[in-house]
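Participant: I'd like to ask some things about the structure below.
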């Protein structure tokens, strides 16, 4: 029996997702034994032409991490979509835009102006900007073009499954691979992680006070964190209640508040809006001044609540058609 | 209808109501009908002149039976108006009534949109929203909750007194709360009542003492409602009893303490007499005050202000009723219904400076004159000027603070009649020449026109025209020493100067200055003038938009005593219909938590204003007690994982409604 063919690709991401695959440790040997990895630019030497040479659907599964920002990324994910039977959006950036998606708070023009003109270390008297094509004596050079906005993978191509996390926890990856091999994947469109909040598996859950009310939110460097007590109850902006579990509540276990990397639960449409609503509910303040004081511990609300999901937000500007 | 049929693929019927021309004149009904036919799951679309009529309701009922519809949308008026009607029609045809959805294209569209094309588009958008939403509606059942049998009446004027007595006579336990130290309200200040001229005290004080002695009535005077919680049939009300410094149950109203007070004479403004006399710090508001209990005013009592009084009052009291250590007390009540009868305030005549109130001593308000003509008033019923002399010429100016663009636009309804009454009483007691300066004479009550007719024959003068000013600037010898009312007599077309000794300003009725706070307290609405708003001006005149809270008397709008009493009776009938039924059906719009989705984060628990949520430690999830949930939706909005949802308002229903509108627009 031929082994199923598997591909990995990355778009706008930091590389952490690639590391996460390696985080499987020796279990990766089982994966390699079970499948043929036929495309993985980060780790192995394959070319685009290798993919183009494949028959449509030849790849059983393709894991794609990172958001889509450039014409090259879009071309590649469209190509991989054709070649792969199953596309799995791997990690927060692919799932909902992730950290690169925060660029949607500004425009492409502003980003280019900042990088090529405005920064103090830039000297660009001729206002040279990267061009899609440039004629040189040797011929035509091309560069990928930056899109107007950052897109989550699902906004660029149809996606079959989502493996959430920044990066996806090793256990979720192993479970997903197991499900693929066993043919037990759930209904298409599913997120391959439990549909319940991080608190569910947090070791601090039992220490929650009956009434979860906080008068003052604080940032981790401002307090000596009690290593046992619920972080939210201590006033830390822990997004555990808002965030899908599957990580084993690793951050709270490491004395760090959850930042929401596994994203929203199935029934929540907009992670940031829900997280804001949830956190605002916990704030026990009546007067405007008390509210402002209490919220002083959340200096960057947009970056806090939409850290991983701005492109996927329903509230943010509609993407260009 | 079988369950399988109800859970089958949605089959939606859409019914567009013309509401006569209410909707049809502004909305292109045919265009809405054609549009609705294009929406998903829609099987049939019809329009009808009056969907709420029997034939209209039969339309949808027939379609449910013949076309197997399992979802109904009616595009018509506000749900407040006819949601119940169409729900019942849906239920009567064998479908769960919550498979019905209303689109409001009257109040939200035809009545408020000027442009016909826009109104039509807006109607289409709302129909689109309703169709998308109704597909997600679920079958639900009403929850029955018992009603507490007791009733609270707020306000101890004639409306509150009548309401309390009628309820008590029906066997209900009633608590009557009055802000002043005595019940009686404005009526207790009047001498005679129009048009029969029967003595106000003679007809009122027996009712006041019946309130005092009725075994079913608890009277809380000098008390104010400070908190209202709960809902129809189950209100918890907090009442603050202000400290009287006199034990109500010990005082017999002998007034020995008032006699003994270190102040030999009254020194402080007697508000019951409209400031025409002075009282002591310890006082009885008026002789027939109910309860017949004195009180001590902490603002003027030396002991309460400085702690350095001989306390002769306390010594004089043989029953040790006086207690300077008394403090305000909070009383909690559990009631099923509330009747608000908080009355009115009179217009502040200083707001019209050209009439000279507060500047010329002999310019009086009508309420002051009521006290002057009252046998138990400050002058024992003698109509006297400030210097004690008897006026020979009196001018009564109507519509002071009524029918006036600058102050109040409304007609206060009672001023014409009470002005006639005062004209009669003054003329009778002093033989003075009396002038009534009116804009229009409004006497549309039983026996009112006849009373006017009687006055015309009694020799009282009537001048049609709004008075321009009251001045002491005299031009002729006969005006010397008098006040002159300048007014255009519109019947003969000349400006007249009428020299008088006394001017009576017929001040209008206004909503209380704190009406807005009161309405917030009870969660009812009021008009921009502050009158409490009835649920429907014609068909629900004593109900409010908050179930279980009724209004009676002048707090709803100016009215005379007969109308006030009639309305109090109507409010009692509504309250009895509620409490005697014994239960209320609550909207099944309660919240619920899907336990598989709950991470046990605790966010919702502190949010619930009704303490309906508890944490189940064994299961590690939060649970909502549906009997305590009032469907406010706070926990649903707060729930960070979307595990808490609300029946009738699931996230998906709301999103579909929004998308229905947005996709169309």
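Participant: Pairs of alpha-carbon atoms within less than 8 angstrom and 6+ residues apart define the contacts here; what relative contact order does the range B:222-317 have, in percent?
Facilitator: 25 percent.
Participant: Right, another one. Rg and Dmax of the protein assembly as shown over Cα atoms: what are they, in angstrom?
Facilitator: Both quantities, over Cα of the protein assembly as shown: 38.7, 129 Å.
Participant: Another one. Pick out which of A:275, A:264, A:27 has the largest mean-square fluctuation in a Gaussian network model of chain A, springs linking Cα atoms closer than 10 Å.
Facilitator: A:27
Participant: For the range B:256-316, max minus min Cα coordinate along each principal axis, in Å, sorted largest first?
Facilitator: 30, 20, 18
Participant: If you fit an axis through the alpha-carbon atoms of helix B:200-213 and take the longest principal axis of the Cα set of chain B, what angle between them do you get, 0 to 90°, nearest 10?
Facilitator: Rounded to the nearest ten degrees, it is 60.
Participant: Take every residue in peptide B:601-611, count the Cβ atoms of other chains within 10 Å of its Cβ, and give the average of those counts.
Facilitator: Mean inter-chain Cβ contacts per residue within 10 Å come to 6.
Participant: Return the average number of partner chain Cβ atoms within 10 angstrom of each residue Cβ along peptide A:193-203.
Facilitator: 5
Participant: Can you tell me how much longer the chain between residue B:334 and residue B:213 gets when fully stretched, taken as 0.36 nm per residue apart minus their C-alpha distance, in nm with one decimal?
Facilitator: 41.4 nm
Participant: Kindly state, to the nearest 0.05, the FRET efficiency for residue B:491 paired with residue B:655, given R0 = 60 Å and r defined as their beta-carbon distance.
Facilitator: 0.35
Participant: Just report the Cα centroid separation between the range B:35-81 and the range A:54-131, whole Å.
Facilitator: 51
Participant: To continue, here is another question. Tell me, what are the semi-axes, in whole angstrom and largest first, of the equivalent ellipsoid of the range A:152-203 as set by the roots of 5 times the Cα gyration tensor eigenvalues?
Facilitator: Computed over the range A:152-203, the values are 20, 16, 11 Å.
Participant: Still on this structure, I have one more. When you look at the Cβ of every residue in A:268-277, what mean number of other chain Cβ atoms sits within 10 Å?
Facilitator: 3
Participant: Bins of 5 Å, beginning at zero and ending with the bin holding the largest distance: percent of Cα pairs per bin for the range B:346-510, please.
Facilitator: Result returned by the calculation: 2, 9, 19, 23, 23, 15, 7, 2, 0.
Participant: Between rounded, prolate and oblate, where does chain A land on the alpha carbon gyration tensor, with a ≥ b ≥ c its root eigenvalues, rounded for a/c under 1.5, else prolate if a/b exceeds b/c?
Facilitator: Oblate shape, in that a/c is at least 1.5 and b/c is the bigger or equal ratio.
Participant: Arrange the peptides B:92-105, A:178-191, B:150-163, B:508-521 so that the one whose residues have, on average, the most other Cβ atoms within 10 Å appears first.
Facilitator: With the highest mean Cβ count within 10 Å placed first, the list reads B:150-163, B:92-105, B:508-521, A:178-191.
Participant: Over chain B, what is the relative contact order in whole percent, taking alpha-carbon pairs under 8 Å and six or more residues apart?
Facilitator: Here the relative contact order equals 13 percent.
Participant: Helix A:170-182 against the longest principal axis of chain A: what's the angle in degrees, Cα atoms only, rounded to the nearest 10?
Facilitator: Its long axis makes an angle of about 50 degrees.
Participant: With contacts defined as alpha carbon pairs under 8 Å and 6 or more residues apart, what's the relative contact order of the range B:1-102 in percent?
Facilitator: For the range B:1-102, the relative contact order is 33 percent.
Participant: What per residue convex hull volume, in Å³, do the alpha-carbon atoms of chain B yield?
Facilitator: Given the Cα convex hull of chain B, per-residue volume reads 208 Å³.
Participant: Another one. Taking the Cα centroid of the range A:174-244 and of the range B:336-397, what is the distance between the two, rounded to the nearest whole Å?
Facilitator: One Cα centre to the other: 71 Å.
Participant: Which percent, to the nearest 5, of DSSP beta bridges fully inside chain A are antiparallel?
Facilitator: 30
Participant: Same structure, new question: Against the 2.2 N^0.38 Å scaling, with N counting residues, where does the range A:181-321 land? I'd like the Cα-based Rg ratio to two decimal places.
Facilitator: 1.12
Participant: Right, next: Could you sort the peptides A:296-302, B:58-64 by per-residue average Cβ neighbour count (10 Å cutoff), highest mean leading?
Facilitator: Packing proxy ranking, top to bottom: B:58-64, A:296-302.
Participant: Considering only the protein assembly as shown, what is the antiparallel percent among its DSSP beta bridges, to the nearest 5?
Facilitator: Of all bridge pairs located within the protein assembly as shown, approximately 45 percent are antiparallel.
Participant: How tilted is helix B:448-458 with respect to the longest principal axis of chain B? Cα atoms for both, answer in degrees (0 to 90, nearest 10).
Facilitator: 20
Participant: In whole Å, what is the distance between the alpha-carbon centres of the range B:588-665 and the range B:86-126?
Facilitator: What the calculation gives is 27 Å, centre to centre.
Coordinate-derived values only; no laboratory data. Small disclaimer: the values here were computed from a predicted structure and weren't measured. All Cβ positions, even for glycine, are placed from backbone atoms using ideal geometry, and neighbour counts span all protein chains on display.
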